[in-house]
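Peer 1: Dumping the structure here so I can ask a few things about it.
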Amino acid sequence: MKNHHNQSKNNKTQNPESKFRSEFSNCSKTKDFKAAVSLFESAISQNIKLNLHHLNCFLYICSNSVETAGDPAIEKGFNIYNYMISNNVNPNEATITAVSRLAAAKNDADLCFDLAKSLFLKYKERPRLRTFDSALFCYVKNLNAEKAYLVEEEILSNGLSLEEPEISGLLKVSVEVGNGVKVYEYLHKLRESVRCVSESTAEVIESWFKGDNAGKVGRLGVVDEGRVKDVILRNGGGWHGLGWVGNGDWVVERTNVDLGGCCCACKTQLACVDIGGDDTEKFAQSVVALAIEREKRSNFTQFQNWLDEHNNFEAILDGANIGLYQQNFAEGGFSVSQLEIVVNELYKRSNKWPLVILHDKRVRSLFADPSNRGILEEWIDRGVLYGTPVGSNDDWYWLYASVKLKCMLVTNDEMRDHIFELLGRSFFPMWKERHQVHYAFPKGKLKLQMPPSYSLVIQEAERGTWHAPIAGEYNDESLRTWLCISHIGRGKAFDEISKSVINGNTMNGSSHCSHNSGITGKRKERSTSPTK
């Protein structure tokens, strides 16, 4: 009773600013629209100074209350914004995003766009992707494709990247206005940015290919099949980007892809997609730049020069990762025998020795054990063991070698450390999927998990067929739903001008399953010289 009396007494003696702070704290938690409006008006009437944080909170509550409160939330939100401007409180990104949502609620796409552009032009604040979303989706809703494309240009000019919702919106408006060129462009942007499309995006894709406009695009009879094949190879497989191939109506089916990568509907063999040749070289150079910057005590250039002369490897081994695998038991250490098993298995498969990367310090310590000397000397004599310098990070060495030589990398390292984050998200995940070989030793027997025989990504085939995987969690990938999109008659009409493409089947047939690694093939061995 005494405590209650003291609390009541404290409330009565609170000054207006203290009371406002207490009520504001509660309001920011509950997100109650009516309470927020009442508190804002009370603060104004009492001449309480409102800062950017207070006003942004009120704006956020208003913008998120439009569906329940309707027009009053829009009106009150703009009142708060006008108060902010008239009192010389400069907006930030959160402000503009909230007000843009209010503008979108009254279907004023131009105001949304003007607000987003003003953030940097007027207030020198860097926008985020969400800053432009209200304008973009409002233009999409109004089927104003040209303005939506301008929003995309503004997004990209600010150094931002589109994500699936934005690309899907741009695809949708392009479908609605029948712009086949833009539909093609955004299908490829989805391919670049999204592994598996959402159900809503899949429905947008279906709506295009099932519509009348899709059947009017195409270049049947003008296709240079050799050029298409060459471009697909140069791009790393799975797409060419030259424009629509074939014409006429399309067959759109929801189907599955078997574990070997064959579409169960059209029987097209999907590709295991790699990054293209130019991008691979850029990726390799980015690894070099970071390695040289961070390898202060080593000479990474020496390794580059050595690799230029010893470039006949088809697999690179992360020696430390393999040798230390499951060695955290009592008296466990570095297992040279495990490493030897992997080396011999890869040689057995391809008749070529892999390159083993190990710290030079580790190599010297292993030589101290007489039982290891024989195999280590053999590897050195064959030129298949490279010792990285003291103070170096061997991650850069095995990563660079596998990227530069476009070969397999045997490691269970998922490469999630900060050094790998520096390489960005554009190339790295695709490269890993295509080149990383995992391993295990169940009951002491080596098991290699090769890269998948096909990539879980939108694919554009030589014959104009499209395949798009739909997002979902599956223990068995053969149960995943895919969109299969092909021309009516499939091969019949197209075979007349593209038999060589179909028969060659360079990237869509069996050749892509070899991963270009030689690990599963048989090639003549070329000896290599000692590593050092």
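The values are calculated or read from the model by the stated rules, or taken from the named source; none is laboratory data. Keep in mind it's a predicted model, so treat the numbers as computed, not measured. Reconstructed Cβ throughout: ideal geometry from the backbone, glycine too, with neighbour counts over all protein chains shown. Surface areas here come from the heavy atoms of the whole protein model, side chains and all, with no ligands, DNA or RNA. Shrake-Rupley method; radii C 1.70, N 1.55, O 1.52, S 1.80 Å.
Peer 1: Please go through the stretch 475-486 and give me each residue that is modelled with pLDDT of 85 or more and either hydrophobic (A, V, I, L, M, F, W, C) or farther than 12 Å from Ala265 by Cα (or both), ordered by number.
Peer 2: Asp476, Glu477, Ser478, Leu479, Arg480, Trp482, Leu483, Cys484, Ile485
Peer 1: Report yes if Gln269 is open to solvent by 30 Å² or more (accessible area, probe 1.4 Å), under 23 Å from Leu233 (Cα atoms), touching a helix residue (DSSP H, G or I) at 6+ places or on another chain (Cβ under 8 Å) and not hydrophobic (A, V, I, L, M, F, W, C), otherwise no.
Peer 2: The answer is yes for Gln269.
Per-residue answers, yes or no, for (1) more than 17 Å from the chain's Cα centre (by Cα); (2) touching a residue at least 12 places away in the same chain (Cβ under 8 Å); (3) under 28 Å from Glu477 (Cβ atoms):
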position: Glu185; (1), (2), (3): yes, no, no
position: Glu203; (1), (2), (3): yes, no, yes
position: Trp208; (1), (2), (3): yes, yes, yes
position: Asn213; (1), (2), (3): yes, yes, no
position: Asp224; (1), (2), (3): yes, no, no
position: Gly237; (1), (2), (3): yes, yes, yes
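Peer 1: Within 30 Å of Pro451 (Cβ to Cβ) and of a type in the set (Asp, Glu): which single residue out of Glu176, Glu225, Glu166 fits that description?
Peer 2: Step by step, each of Glu176, Glu225, Glu166 is checked, and only Glu225 is within 30 Å of Pro451 (Cβ to Cβ) and of a type in the set (Asp, Glu).
Peer 1: From the list Ser118, Ser174, Ser200, which one is out of contact with any His (no Cβ under 6 Å at 6 or more places or on another chain), open to solvent by 20 Å² or more (accessible area, probe 1.4 Å), polar (S, T, N, Q) and over 30 Å from Pro91 (Cα atoms)?
Peer 2: Of the residues listed, the single one that is out of contact with any His (no Cβ under 6 Å at 6 or more places or on another chain), open to solvent by 20 Å² or more (accessible area, probe 1.4 Å), polar (S, T, N, Q) and over 30 Å from Pro91 (Cα atoms) is Ser200.
Peer 1: For the stretch 222-241, does any single residue satisfy the condition of being closer than 25 Å to Ala148 by Cβ and of a type in the set (Val, Ile, Thr)?
Peer 2: No: zero hits.
Peer 1: Within the set of pairs 6 or more residues apart or between chains, which connect a residue that is in contact (Cβ under 8 Å) with a residue 40 or more places away in the chain inside the stretch 461-477 to a residue that is open to solvent by 50 Å² or more (accessible area, probe 1.4 Å) and in a helix (DSSP H, G or I) with Cβ atoms less than 7 Å apart?
Peer 2: Once the first residue is in contact (Cβ under 8 Å) with a residue 40 or more places away in the chain and sits in the stretch 461-477, its partners that are open to solvent by 50 Å² or more (accessible area, probe 1.4 Å) and in a helix (DSSP H, G or I) give Ile470/Glu199.
Peer 1: Kindly provide the set of residues from the stretch 88-112 that are assigned to a helix (DSSP H, G or I) and without any contact (Cβ under 8 Å) to a residue 40 or more places away in the chain, ordered by number.
Peer 2: Hits for the stretch 88-112 are Glu93, Ala94, Ile96, Thr97, Ser100, Arg101, Ala103, Ala104, Ala109, Asp110, Leu111, Cys112.
Peer 1: Mind listing whichever residues of the stretch 339-362 are surrounded by 18 or more Cβ atoms within 10 Å (Cβ to Cβ), modelled with pLDDT of 95 or more, part of a helix (DSSP H, G or I) and of a type outside the set (Asp, Glu)?
Peer 2: Leu339, Val342, Val343, Leu346
Peer 1: Of the residues in the stretch 131-149, how many are exposed (fewer than 15 other Cβ atoms within 10 Å of the Cβ) and touching a residue at least 12 places away in the same chain (Cβ under 8 Å)?
Peer 2: The qualifying residues number 2.
Peer 1: Follow-up question, since we're still on this one. Out of the residues in the stretch 363-372 that are hydrophobic (A, V, I, L, M, F, W, C) and either surrounded by 14 or more Cβ atoms within 10 Å (Cβ to Cβ) or part of a helix (DSSP H, G or I) (or both), state the one that is nearest to the chain's Cα centre (by Cα).
Peer 2: The residue in question is Val363.
Peer 1: Looking at Gly243, Gly248, Gly260, which one is open to solvent by less than 20 Å² (accessible area, probe 1.4 Å), out of contact with any Asp or Glu (no Cβ under 8 Å at 6 or more places or on another chain) and in a loop (DSSP other than H, G, I, E, B)?
Peer 2: Gly243
Peer 1: Listed residues Asp274, Asp278; which is part of a loop (DSSP other than H, G, I, E, B) and over 15 Å from His467 (Cα atoms)?
Peer 2: Asp274
Peer 1: Select, from Asn26, Asn15, Asn3, the only residue that is loosely packed, with under 13 Cβ neighbours inside 10 Å and modelled with pLDDT under 85.
Peer 2: Unique residue meeting the criteria: Asn3.
Peer 1: Another question, if that's okay. Return the residue satisfying two criteria in turn: it lies in the stretch 287-332 and is over 21 Å from Pro389 (Cβ atoms) and modelled with pLDDT under 90, and of such residues it is surrounded by the most Cβ atoms within 10 Å (Cβ to Cβ).
Peer 2: Within the stretch 287-332, the match that is surrounded by the most Cβ atoms within 10 Å (Cβ to Cβ) is Gln327.
Peer 1: Turning to a different aspect of this structure: Among residues belonging to the stretch 150-171 that are open to solvent by 10 Å² or more (accessible area, probe 1.4 Å) and aliphatic (A, V, I, L, M), point out the one that is farthest from Lys117 (Cα to Cα).
Peer 2: My answer is Leu162.
Peer 1: Here's another thing I want to ask about it. I need the full set of residues from the stretch 220-240 which are in contact with a strand residue (DSSP E or B) (Cβ under 8 Å, 6 or more places away or on another chain) and open to solvent by 20 Å² or more (accessible area, probe 1.4 Å), in order please.
Peer 2: Listed by number, the list holds a single entry, Trp239.
Peer 1: Considering only the stretch 404-441, state which residues are of a type outside the set (Asp, Glu), modelled with pLDDT under 90 and in a helix (DSSP H, G or I).
Peer 2: His418, Ile419, Phe420, Phe428, Pro429, Met430, Trp431, Lys432, Arg434
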